[in-house]
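Student: Below: one structure in structure tokens.
Derivation of every value follows stated rules applied to the coordinates shown; laboratory data play no part. No experiment lies behind these values; they were computed from the predicted model shown. Every residue, glycine among them, receives a Cβ derived from its backbone with ideal geometry; neighbour counts consider all protein chains shown.
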Amino acid sequence: MPQLTPLSRLDGIYPQRQAGFFMQRVKLAAGVISADQARTVAAVAARFGQGAIHLTTRGSMEIHWLHEADLLAVKRELAKVGLTSRGACGGAVRGVTCASQGAAGFPVVEVLAARLQKHFTGNPRFERLPKKFKIGVETDTLGRRHLIQDVGLVYSSHTEGVAYFDLYAAGGLGREPQPGFLFEAGVSENRIIPLIEAIARVYAAHSPAGKRLKHLLRDVGEEQFRRLVAQDPSATEELSAQEGLNSNLIHQPPTQRLVVRIPAGELNSRHLITLADHADSWQLGFLMVTADQDIAFHLHESSDPVEAAAELEAAGIQQATINFRTCPGTATCKAGLSATREVVSQLTALISAQGKLLTWAISGCPNSCTQPQLADVGIVSSALVKGEDGERTPRFDLYRSGDAPFGTLVERALTLDELCSRVAGM
Ligand code: SF4
């Protein structure tokens with residue numbers, strides 16, 4: 001039986017709230033997974049867990065209800081189809097995300113996301129960092145997700161076969177949301193890996209354990225941070241262009257896209273197999289986990305999206321009626337303060353037709369895994385409060401989006417009843 005150590009987090013393993021059960025996170029660069037790989041995730045979840053798969057806002061898949069004795073076998077099964085969980089938790093470079101999967105420029109950013117993930121995954125120089133280090137690659141700034149990464153890259157141009165990206169640094173959400181700042185515009189793709197290495201090295205050398213890059217920036221200021229990075233020999237290094245064929249899955253901009261809205265990002269293994277089979281028969285043999293915890297497909301040019309969606313419905317795939325990003329909360333997460341899924345069911349029944357057009361997000365604790373500060377309406381379970389009867393009940397903070405990069409905190413410490421009354425008016 002493997003012995004779990006604190007380093008197990010580097011293998012993407014978290015203990016669940018329920019003693020004796022574990023969650024295994026699987027990193028997917030830009031959220032892309034082949035149909036064969038998805039069937040393996042489904043088979044592993046069914047064989048070793050309870051068939052439960054959670055889709056995250058960072059485009060990962062999480063397999064829940066695993067036993068410690070099976071973790072090695074789980075890792076082997078995933079490795080057989082090229083899936084990795086190394087660095088999916090703990091102080092490492094996490095899965096490289098992308099929320100622009102439907103954009104024309106997605107094939108370019110998927111190549112970079114896959115390259116970055118391959119470079120940093122399992123690289124001992126960039127494990128055991130003070131805390132997590134998140135990278136995201138986007139085609140544009142519309143979703144504002146470039147602002148919540150330790151390094152956020154936004155595609156800016158393409159000249160003579162070389163792609164250029166604007167590099168934002170030191171962003172993050174959690175208890176102290178801070179938008180990233182533009183560190184350098186128009187960085188050639190051949191400089192991106194060494195420049196991120198320089199930033200990560202500065203972070204590791206100057207930050208205490210448990211602190212993110214945003215805290216270092218706050219402590220030393222932008223000028224000193226830039227100076228420290230500039231002193232690293234990699235900061236100006238340029239790698240030779242990568243030659244040969246790209247091995248990423250997506251080679252063409254999407255002509256047609258189908259998004260299957262998965263309620264609370266919760267899938268069972270049977271449904272994941274149905275979706276994977278659908279990807280083989282109607283689409284191009286791959287699926288994407290979106291930043292809204294949904295599954296998206298790029299369709300064959302000849303496919304009819306209405307027919308494709310109807311077939312999924314006939315196969316028993318139920319879609320959510322509202323875009324409501326939801327973390328597991330107290331269902332499985334040790335940090336959870338509220339039963340997020342139950343709260344969402346209650347709120348969904350109260351939301352008006354107009355409100356259903358908005359994006360919603362709820363986090364079970366202030367860690368903000370569902371990025372509530374980027375939703376039109378964001379809810380953060382902020383505390384547990386003991387009542388006169390001795391029972392501890394959750395309180396909720398409410399955010400609304402506006403002109404600022406992140407949503408504004410409009411109300412604090414609402415009871416569930418108060419939250420329901422606010423939502424009923426939306
Ligand atoms: S937001 Fe909190 S409760 Fe929800 S998954 Fe993240 S850590 Fe767990």
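Student: Among S34, S352, rank each residue by its count of other Cβ atoms within 10 Å, from fewest to most, as a rough exposure measure.
Tutor: S352, S34
Student: Over the chain, what is the relative contact order in whole percent, taking alpha-carbon pairs under 8 Å and six or more residues apart?
Tutor: 14
Student: Follow-up question, since we're still on this one. Compute the distance in nm between two label points, each set 7 Å from the Cα along the Cα-to-Cβ direction, one at E237 and one at A185.
Tutor: Simple spin-label model gives 2.8 nm for this pair.
Student: Out of residues 5 or more away from E138 or on other chains, whose amide H comes under 5 Å of its own, with H placed 1.01 Å from N in the peptide plane?
Tutor: Distant-sequence amide H within range of E138: L153, V154, Y155.
Student: With labels modelled as points extended 7 Å from the Cα through the Cβ direction, what inter-label distance (nm, one decimal) is found for A349 paired with R227?
Tutor: With each label placed 7 Å out from Cα toward Cβ, I get 6.0 nm.
Student: If R₀ is 41 angstrom, what is the calculated FRET efficiency for the pair A205 and V306, using the beta carbon separation as r and rounding to 0.05?
Tutor: That gives a FRET efficiency of 0.15.
Student: Run lengths n ≥ 4 of DSSP H only: what is the helix-derived mean residue ellipticity at 222 nm for the chain, with -39500 (n - 2.57) per run over all residues, to the nearest 500?
Tutor: Taken over the chain, the calculation gives -8500 deg cm²/dmol.
Student: Now for a separate question. Quick check on packing: order 318-331, 181-194 by the mean number of other C-beta atoms within 10 Å, highest mean leading.
Tutor: 318-331, 181-194
Student: Moving to a separate point now. What is the ratio of the Cα radius of gyration of region 128-183 to 2.2 N^0.38 Å, where N is its residue count, to two decimals?
Tutor: 1.21
Student: Count the DSSP beta bridges whose two residues both fall in the chain, then state the antiparallel fraction as a percent rounded to the nearest 5.
Tutor: DSSP beta bridges in the chain are roughly 80 percent antiparallel.
Student: Would you mind estimating how fast the chain diffuses translationally, via Stokes-Einstein at 20 °C and 1.002 mPa s with the Kirkwood radius over Cα pairs, in µm²/s?
Tutor: Estimated via Stokes-Einstein, D reaches 97 µm²/s.
Student: Just to be sure I understand the model, the point goes 7 Å from the Cα along the line to the Cβ. What's the resulting E68 to E411 distance in nm?
Tutor: Going by the 7 Å Cα→Cβ label model, 4.4 nm.
Student: Just how many % of Cα pairs in region 106-236 lie over 25 Å apart, if you round to the nearest whole percent?
Tutor: That fraction is 19 percent.
Student: Another one. What FRET efficiency comes out for T393 versus M426 if R0 is 25 angstrom and r is the Cβ-Cβ distance? Round to the nearest 0.05.
Tutor: It comes to 0.65.
Student: If the viscosity is 1.306 mPa s and the temperature 10 °C, what translational diffusion coefficient in µm²/s does Stokes-Einstein give for region 323-424 when Rh comes from Kirkwood over Cα pairs?
Tutor: Stokes-Einstein gives a translational diffusion coefficient of 118 µm²/s.
Student: Can you list residues whose amide H is under 5 Å from V260's amide H, if they're 5+ apart or on another chain and H is modeled 1.01 Å from N?
Tutor: Here I295, A296, F297 satisfy the definition.
Student: Let me ask another. Taking a threshold of 23 Å on the Cα-Cα distance, which of the pairs K27/K356; K214/K334; K75/K118; K80/K131 fall above it?
Tutor: K27/K356; K214/K334; K80/K131
Student: Output the antiparallel fraction of DSSP beta bridges having both residues in region 323-424, as a percent to the nearest 5.
Tutor: 60
Student: Something else about it: When the Karplus curve 6.51 cos²θ - 1.76 cosθ + 1.60 is applied with θ = phi - 60°, which whole-Hz ³J(HN,Hα) does each residue of region 187-203 get, with x for Gly and Pro?
Tutor: 7, 5, 4, 7, 9, 5, 4, x, 5, 5, 4, 4, 5, 5, 5, 4, 4
Student: Using the Karplus curve 6.51 cos²θ - 1.76 cosθ + 1.60 with θ = phi - 60°, what ³J(HN,Hα) values do you get for each residue of region 120-133, in whole Hz, with x for Gly and Pro?
Tutor: These are the phi-based 3J(HN,Hα) values: 8, 5, x, 7, x, 5, 10, 10, 6, 6, x, 7, 4, 9 Hz.
Student: Can you sort S157, S338, S401 from fewest to most other Cβ atoms within 10 Å of each residue's own Cβ?
Tutor: Lowest to highest Cβ neighbour count: S157, S401, S338.
Student: Still on this structure, please answer the following. Evaluate the relative contact order of region 106-236 (contact order divided by residue number), counting alpha-carbon pairs under 8 angstrom at least 6 apart; express in whole percent.
Tutor: It comes to 20 percent, rounded to a whole number.
Student: Let me ask something else about it. Assuming 0.36 nm per residue, please report the length gained on full extension of the stretch E418 to V162 beyond their Cα-Cα distance.
Tutor: Roughly 86.8 nm would be gained on extension.
Student: Once you have the Cα-Cα distance between N246 and F21, take 0.36 nm times their residue separation minus that, and quote the gain in nm to one decimal.
Tutor: Full extension from N246 to F21 adds 77.2 nm.
Student: Averaged over all directions, how much area does the convex hull of the C-alpha atoms of region 256-375 cover when projected, in nm²?
Tutor: 8.0
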